[in-house]
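All remarks here apply to the structure that follows.
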Amino acid sequence: MDKVRIGKYINELRNKEGLSLEELSRFTGVSPKTILKWESGKILPKMHDLALLSFRFDVSINDLLNGDSNHLKDDDMIYYYAIVERKKEKVRIITVSILIIILVFIVLFSLIAR
């Protein structure tokens, strides 16, 4: 998946519809800053955001993820994206868990050292 290509396609769709960042922000419920990050290819929209963009611009989620209206099989691309998103979430959870465990050990060690 090419984040820059996806971002350019979202920007192209938004401009084609004549939507401002603020208007799309109100529709999606995300900040204009986040939309700019999508459009610059810094981050990808979350799955629920892709569904909203798909509905708003009347394109498939697959088209959004391909960065064009290629019309490949939707299910394959959506499945792949969902797996990638799930892996990122697991990494976040593991990272936070490790940080909490380290913090608990530091606190316990400081209490024992007194």
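The values are calculated or read from the model by the stated rules, or taken from the named source; none is laboratory data. This structure is a prediction, so every number in the text was calculated from the model and none was measured. Note: ideal-geometry Cβ built from the backbone for every residue, glycine included; neighbour counts use all protein chains shown.
Of all residues in the stretch 10-32, those satisfying the criterion of being surrounded by 13 or more Cβ atoms within 10 Å (Cβ to Cβ), closer than 19 Å to Lys42 by Cβ and touching a helix residue (DSSP H, G or I) at 6+ places or on another chain (Cβ under 8 Å) are Ile10, Asn11, Leu13, Arg14, Leu21, Leu24, Ser25, Thr28, Val30, Pro32. Looking across the stretch 46-103 at every residue that is of a type in the set (Lys, Arg) and outside any helix (DSSP H, G or I), the one that is modelled with the lowest pLDDT is identified as Lys73. Checked against (1) within 20 Å of Lys87 (Cα to Cα); (2) assigned to a helix (DSSP H, G or I); (3) of a type in the set (Val, Ile, Thr), Ile43 meets all criteria but (2).
What are the residues in the stretch 1-39 that are part of a loop (DSSP other than H, G, I, E, B) and closer than 14 Å to Asp63 by Cβ, if any?
Within the stretch 1-39, Met1, Asp2 qualify.
Can you find, within the stretch 1-32, the residue that is modelled with the lowest pLDDT among those that are more than 13 Å from the chain's Cα centre (by Cα) and among the basic types (Lys, Arg)? Taking the candidates together, the pick is Arg5.
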